[in-house]
1. When you go through 172, 180 one by one, which is the residue that is surrounded by 20 or more Cβ atoms within 10 Å (Cβ to Cβ) and aliphatic (A, V, I, L, M)?
2. Checking residue 187 against (1) β-branched (Val, Ile, Thr); (2) within 29 Å of residue 100 (Cβ to Cβ); (3) at pLDDT 95 or above, which test does it fail?
3. Under the condition of being among the charged types (D, E, K, R) and closer than 16 Å to residue 234 by Cα, which residue from region 120-156 is surrounded by the most Cβ atoms within 10 Å (Cβ to Cβ)?
4. Select from region 159-215 the residues that are part of a helix (DSSP H, G or I) and either within 27 Å of residue 249 (Cβ to Cβ) or out of contact with any Leu (no Cβ under 8 Å at 6 or more places or on another chain) (or both) and list them in ascending order.
5. With the structure loaded, tell me whether residue 218 is touching a residue at least 24 places away in the same chain (Cβ under 8 Å), out of contact with any Asp or Glu (no Cβ under 7 Å at 6 or more places or on another chain) and either within 26 Å of residue 104 (Cβ to Cβ) or not charged (D, E, K, R) (or both) or whether it fails that test.
6. Which members of region 222-258 meet the condition of being crowded, with 20+ Cβ neighbours inside 10 Å and of a type in the set (Lys, Arg)?
7. Only one of these is of a type outside the set (A, V, I, L, M) and not in a loop (DSSP other than H, G, I, E, B): 255, 284. Name it.
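The values are calculated or read from the model by the stated rules, or taken from the named source; none is laboratory data. These numbers come from a predicted model, not from an experiment. All Cβ positions, glycine included, derive from the backbone under ideal geometry; neighbour counts span all protein chains shown.
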Amino acid sequence: MTDSDAGVAGDPHDLTVFYIVEPPDYQILACSLLASIRANFPANVKAVGYCPEHRYDDLHPGVHRAHELMAAEIRTFRAEDRFAPVYPHGNKILAALEPRDSAYSMFVDSDVLFLRENRPERLVAPGKVSCSMAASMLWGDQSIWDLVYGALDMEIPTERYHLMRRSKGKVVPYFSSGLVVFPESDVSGKGRFPDVWHDTAQRVDRVDSLEKRRPYLDQMTLPAAIRRAGLDWNILPEEQHYILGGKLKGEPLPQDRDIYTIHYRNLNNLREVGEIARARTYLQQHTGEKYVRRLVTEAGSDT
């Protein structure tokens, strides 16, 4: 695919960042994420939080108020009966399926924080899906790819890369689904990327002999979905999706390079790298409060 072919995807500056807003914990983390988006991205970057429709009435009023103050929407999507059995990790795929009017969208896990000024053009790659290598793949060995690609009647990709953290050598492409940037239009004529990703996940989910497909189905199918959609991958530098925890547990952020984004996984990791105060400062700057629940009459602490 040439750059001119990919250009039909639209303006690479036209970006929507979306994420999951779900009680009890992700609704609060999502507000910190949103505040970090507003602090570090241009004002024209749109933000949308998605809540499973059966959980919408359980959202804390402060979460609604935070989104209102930060000019972001909360939309719903149907999660029930979309995967059998229920697959909460698949909510990102289901949210991705929802229509958005921007040229590109970026899904971000709720336990992510942007740390410094950033721009869409650092993340968007026309004709490609931008993502980072996964931190590790301790749950399985390389033989699983025979089952994954066999179920899809595809050849295993020939490219080999090092994982972000634990990698004895180069491996078959395996990407994190914690930050994924994709064109909203059907660039190649093979289908809109989220539709292809959903179909790919459904097909692989039916492979009973693939015992460890849950909860890794979303990441396991991401590289295949990219190729099935007629796209290629753009592997982001670690600085754009710096994954904490694992072998880095307790380690400070590197001081010799600019880290734009941290995927902290849990609040203890955020505290250990000294960034929880930044998350609260972002919230206060953009909502007037350090704690989401204090945005409404009922007072309380989030963390």
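1. 180
2. (3)
3. 128
4. 196, 199, 202, 213, 214, 215
5. It is true that residue 218 is touching a residue at least 24 places away in the same chain (Cβ under 8 Å), out of contact with any Asp or Glu (no Cβ under 7 Å at 6 or more places or on another chain) and either within 26 Å of residue 104 (Cβ to Cβ) or not charged (D, E, K, R) (or both).
6. 227, 228
7. Every option except 284 fails the conditions.
The rows are residues; the columns are (1) in contact with a Gly (Cβ under 9 Å, 6 or more places away or on another chain); (2) among the aliphatic types (A, V, I, L, M).
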position	(1), (2)
105	no, no
109	yes, no
145	no, no
152	no, yes
155	no, no
159	no, no
